[in-house]
Structures are given as C-alpha cells and as structure tokens.
Amino acid sequence: MSFVGKMGFMVKGGTYDAVVVGGGHNGLVCAAYLARAGLRTVVLERRHLVGGAAVTEEPWPGYRVSTASYVVSLLPERIVRELSLRSLGYHVYPLDPAYFAPFEDGSGILVWEDPRHAAEEIGRISRPDGEAYLRYSRDIAALADVIRPLLHKVPPDPALRSARDLPAAAGMLGYLLRRRGAAAALVDLMTMSCADFLQRYFRDERILGALAPGGVIGMWGGPMSPGSAYVLLHHRMGEVDGVGGCWAVARGGMGAVSEAIAAAARATGATVLTSADVISIDVLGGGRVGGVTLADGRVFSAPVVVSGVHPATTFLSLVGEKHLPGELVDDVRQFRTRSPAAKVNLALSGLPSFTARPGSELGPQHPEFIISPTLEYLERAWDAAKYGMPSPAPMIDCVIPSTKDSSLAPAGAHVMSCFVQYVPYALADGEWTDAARDALASSVISTIERFAPGFGGLVTHREVLTPYDLQERFGLLGGNIFHGEMSADQLFSFRPSPLASGYRTPLRGLYLCGSGTHPGGGVMGIPGRNASRVIVRDARVSSMRRRVVRR
C-alpha cells in the first residue's frame, strides 16, 4: 500500500492482522503473544528506541542510565518463562537487603527480604516493632496471595452488558466467596491510609517512616491519605527468583528488559518499528477500526488495533471524541492522572558514606537506600506539593545499579537513580525552567547529604526529569508513572472506564493493553498478556462465525 506523505514522496505502510500502538513493555508483551498465536503483528513506537518508560539511555559518555523506570519486580515469572526472556538477555540482580533506611538521629536499618532477618534489624531500634514485623510481613503476604491471581483475570463489565461478562463475574464472585475472610481484610485495606495500616503494627516513628514509602510511590497523596494502603500492597505483588515482594535491578538497565521482550516478539514473527509516530487510529463505518496513520503519512491497515499508550491519548487524541460514546469520553476526561514524582539521575565518582553506616567501600547499604526518616517527614513532604511547590525535604528512593552491574559506568564511577517525591507537575510560581530543575537537583543532593556527609562532592553529572518532562518524553500524562492513579475507583473493571474494561472498547477491533488498564502500573507486562488473550479469543470467535456464514 503506497501513498503520498507530507513531504510529497511516496511512502509505504502495510497490512497486518494486528497493529500495536506504542512499543512500551506492555505493547511488546502483547505483540509477542499475538504473534505466537499466529496473528501477523506490527508494533509502532514513536521514539527511536523501544521500551516506553523502561529504557536505558546514555546522558553522559560512558554512563548508561535507566532514565525513568529503574527496578524490576512486578514482571511475573510466567511471562519470563513463556517468552523465553532469559535466553534473550534478560537477567536481574535481586536487591537484598531491599533497602537501607537512615534516620535523623544517626541510626539506620537494613530492611532484609527474610522477615526474620529484617525483624532482628528492626528490633535493634525497637524491640516491640521488631516482633510486630513478623506479623506484618505474614499478613501483607497473605493479602498479596489473594490479589496475585486476580492480576491475571480479565475484568468483566460491571454493568454486565454482554453475555460474555457473566462467566467472568460469576467466577470472580466465587473466588472471593471462597476467601471471605481475606476479602473482608482486602476491602478494609482498599479504603485505609498507609499510616493507619502500618500503625496497626508499629509505634516507632522511624520504623513507620522506613516502611511507608511503598504506600505512596507514584501516588498523588501522602501516607495519611485514604487508599494509600493499597499502593503499599501493589508494590508487594511481584517476585524475583521465587521471592515474593522482592525487587531487582536489570543487567544493562531497564532497557535490556524491554529489548529482551522486543526480541521475543520478533522471534515469534512480529515486526517492531521505531520512529513510527502514530497520529490517528482510523475508524471505518459501523464503529470499527481499520488501522492507523503515521505522522509521515504511512498507513498500516489491520482489523485489530491495540493501544499501549495512555487511555486519554488513545481515545481523545488518536481516536477522537466523535467516534466514542459520550459516557466514555466523560470517564476518560475524569480519569485522574496526576503525579507527585520526579526522577533525578546522577553520576557519582564514588559511593556515599552514611552517618549511620560509615564507609565508601561497597556494603549492603549502597545498592538501594530510602530517605524517609519518619512518617511525619513523609506527610510534610506531601504538604508542599499540594500547593504547587517541590518539597524542601523530599522522600527519595535511591538505587545505585552499578553496584550490581559495573558495565553501567566507567571504572570506579557509579550511576544513581533518585525517585523523588513530592514534586508537582505545575509550579505555583511559574513554569519548569532549567533553573527550577537545577534547584530541584540541588535540593535532592543536599537532602541526601544530611544523611551522607560529603555526598555532594561525589556528584559529577545530573539529569532532572520533572513530571512535566516525564509526560513530554514518555507520554506519561501528568507525569503519572502508572498511566493513572491506583485508587479504588480506578482499579479492576473501572480502569480506565466501565465502558473499556476487560481490554475491549466500544469500537470493534480496538483494544487497550497499557498500564491504564487492569491491573495497573509498574513493569509487569500483565496488561499486555491479558489483552492478548482477549484479542486471540475474539479473533477465534470471529473466525468461527465467518466459517458458519460461509457454510
């Protein structure tokens, strides 16, 4: 298929069974499974490299940085195994201890993956809290065990508008009824604040501060905000090498994870194209999609289009309101996608020495450390962002992946990812200028220096990505790392809308597969896998109907 592009010369598109819009990790996962099922599939990625927010880039010569997403946990072993990712370059280094938490009084704890080991460490500071940690770890693991199977379920339309939703709804009801006790605790958790949940177990402000960040990562709210307890649970859903809730850094950075998935897609027959900017999802008569059009004029025709980009971008920008039910348009416009998080990437000439654990030789305190010394500190950090100001004392999740993978930096040097909260998308006193970004980086460095004297002298390069920058570079609207807030009214069948639950949309042939669908954000690939199952099932049903008509 050929036509005249914007520059006046002939360009070619192609005809496929399925077009995947967006080469983020979910789009790549979906494409790999679609191609395995025999669908001729093409992935179209706007940027020059695949991965979406899970990429490795080189901002300074010799330094390779996981620019946005920076750790692995939620990618299930099922996908790693089914797509043979280990044979395609996927390799991770588990973080154990999970992180080091320094406190303002000069003390600190290592939060080990083994609950008994972690309880002993906490017990050095607070014996009652050390004993409580075993109960806490057991209870949250039990809740995660209840939720984890639901991640792989296709959410039914809550209005049950189609007969195909009845078996899924009945199955879901049966699953929860068989786990009535846990389900009640889960409902409780969905409405609680992270602070309330943790205070059921712990009393020491330092321990509360050390454990609370998991409840607010990427959330537009503080540890005392209702619903933050679920975010804490969401970050415990994953596993690495069979260890539940464990996190890891990827060899080669997060881009290596995306490249492995892209290689799996290509190995099954999918075509993956970069620098392919989709500007419209083309709608034919009768409410059916027919393909996509690129900025350079190319058209890719297909009866199935799968979007891995943000739901608002998909519906409002690429499809257009005129092709959609008004109710869906309203839902998408009201879908909350605010962000309080920025990313500051640093190059270091050495490792920090902490007041609580002195020494710049590599130790268990270096691969990951979190600045969140008390619960009140974390809540006050949130207070600033509510009024359009970066927190003067932010929560910072710091990972130094070069402690595990020396290939990421020159000999003797390191790269460090700083996930920073709270930073507003829009400043109350103006726009994000280079000076404002520089001030944010300086604030992060000085905050770390309070716990690691001399840290500023180690910094040789710095890169700042505000929520606005995350939107512009990666398409994360509002800078939200999850493609939408992870709140009770934006989960499961309501993500992103009841009219687009279960990965289907009101337009025939148009599906969603990104983090704006169930089960939400994080580098997990489950939305992509779940969507592929729905698409393949629909394709088989459609094929059967055509055969019946022909007969």
Rounded to the nearest 500, the 222 nm mean residue ellipticity computed for the chain from DSSP H runs (n ≥ 4, each -39500 (n - 2.57)) alone is -10000 deg cm²/dmol
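Between Ala183 and Ala428, what length comes free when the chain is fully extended (0.36 nm per residue of separation minus the Cα-Cα distance, one decimal in nm)?
Roughly 84.0 nm would be gained on extension.
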Of the candidates Cys513, Ile371, Ser258, the farthest towards the positive dipole end of the chain (Lys/Arg Cβ +1, Asp/Glu Cβ -1, centred on the Cα centre) is Cys513
Probe 1.4 Å - accessible area at Tyr99, Å² to nearest ten: 30
Antiparallel versus total DSSP beta bridges in the chain: what percent is that, nearest 5? 75
How far apart, in nm, are the 7 Å Cα→Cβ label points at Ser107 and Ser360? 2.9
Put +1 on the Cβ of every Lys and Arg and -1 on every Asp and Glu Cβ in the range 29-98; which of Ser84, Gly52, Ser73 then has its Cα farthest towards the positive end of the dipole? Ser84
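In the chain, which whole DSSP H runs stretch at least 15 Å along their own axis (Cα) and average -0.5 or higher on the Kyte-Doolittle scale?
Values: long enough: 25-36 (17 Å, 0.57); 127-151 (36 Å, -0.14); 165-177 (18 Å, 1.18); 180-191 (17 Å, 0.98); 254-267 (20 Å, 1.00); 375-386 (17 Å, -0.67); 434-449 (22 Å, 0.38); 526-550 (36 Å, -0.48).
Span-like helices here: 25-36, 127-151, 165-177, 180-191, 254-267, 434-449, 526-550.
On full extension of the chain, what length is gained from Glu205 through Leu316, given 0.36 nm per residue of separation minus the C-alpha to C-alpha distance?
Values: separation 111, 0.36 × 111 = 39.96 nm, distance 4.49 nm.
So the chain would gain 35.5 nm between Glu205 and Leu316.
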Qualifying GluC sites (Glu not before Pro) in the range 217-326, DSSP loop, other Cβ atoms within 10 Å at most 10: none
Gap in Å between the Cα centre of the range 28-51 and the Cα centre of the range 511-531? 14
For the chain, just give the cysteines left without a disulfide-compatible partner, judged by no other Cys Cβ under 4.7 Å. Cys194, Cys246, Cys398, Cys418
Could you give the nm distance between label points at Ser84 and Arg124, where each point is 7 Å from its Cα heading toward the beta carbon? 4.7
Debye-sum result for the range 64-120 in log10 I(q)/I(0), which assumes one identical scatterer on each alpha carbon, at q = 0.12, 0.20, 0.21, 0.29 Å⁻¹: -0.48, -0.92, -0.96, -1.14
Test of understanding: extend the Cα→C-beta vector of Asp438 to 7 Å, then name every residue of the range 456-481 with backbone N under 14 Å from that spot. 462-464
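How large is the dipole of the range 405-546 about the Cα centre if only Lys and Arg carry +1 and Asp and Glu carry -1, each at its Cβ, rounded to the nearest 20 debye? Working shown, then result.
On the way: 13 positive and 12 negative charges, 275 e Å.
Using only the charged Cβ atoms, the result is roughly 1320 debye.
Using the Cα centre as the reference, give the magnitude of the dipole from point charges on the C-beta atoms of the chain (Lys, Arg: +1; Asp, Glu: -1; all else neutral), rounded to the nearest 20 debye.
Working: 55 positive and 51 negative charges, 616 e Å.
Around 2960 debye, computed over the chain.
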Checked against the positive end of the charge dipole of the chain (+1 on Cβ of Lys and Arg, -1 on Cβ of Asp and Glu, about the Cα centre), the farthest of Leu151, Val304, Ile217 is Val304
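Compute the length gained on full extension between Leu134 and Ala295: take 0.36 nm times their separation in residues and subtract their Cα-Cα distance, giving the result in nm to one decimal.
52.4 nm
Lysine pairs in the chain with alpha-carbon atoms under 30 Å apart, 8 or more places apart or on different chains: how many are there? It would help to have the intermediate numbers written out before the result.
On the way: Lys6/Lys322; Lys12/Lys322; Lys343/Lys386; Lys343/Lys404.
Lysine pairs satisfying the spacing and distance rule in the chain number 4.
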Please state the charge dipole magnitude for the range 189-310, taken about the Cα centre, from unit charges on C-beta atoms (+1 on K and R, -1 on D and E), reported in debye and rounded to the nearest 20. 140
Sort the range 177-255 into rounded, prolate or oblate with this rule: let a ≥ b ≥ c be the square roots of the eigenvalues of the Cα gyration tensor; rounded if a/c is under 1.5, and if a/c is not under 1.5, prolate when a/b is larger than b/c, oblate otherwise. oblate
How large is Rg over Rh for the range 198-306, taking Rg from the Cα atoms and Rh as the Kirkwood inverse mean of 1/r across Cα pairs? 1.17
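Packing-wise, with mean Cβ within 10 Å as the measure, how do 267-274, 145-152 rank, highest first? Walk me through the intermediate numbers first.
Working: 267-274: 18.0, 145-152: 15.2.
The densest-packed peptide leads the list: 267-274, 145-152.
Among 210-223, 295-308, how do they line up by average Cβ neighbours within 10 Å per residue, starting with the highest? Mind showing how you got there, number by number?
On the way: 210-223: 25.9, 295-308: 22.6.
My ranking of the peptides, most packed first, is 210-223, 295-308.
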So how exposed is Tyr377, as accessible area in Å² (1.4 Å probe, rounded to 10)? 20
For the range 69-194, using Cα atoms only, the Rg and Dmax in Å read 19.7, 61
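The values are calculated or read from the model by the stated rules, or taken from the named source; none is laboratory data. Just so we're clear, the structure is a prediction, and the values are computed from it rather than from any experiment. Reconstructed Cβ throughout: ideal geometry from the backbone, glycine too, with neighbour counts over all protein chains shown. Ligands, DNA and RNA are excluded from the accessible area calculation, which covers all protein heavy atoms including side chains. Shrake-Rupley method; radii C 1.70, N 1.55, O 1.52, S 1.80 Å.
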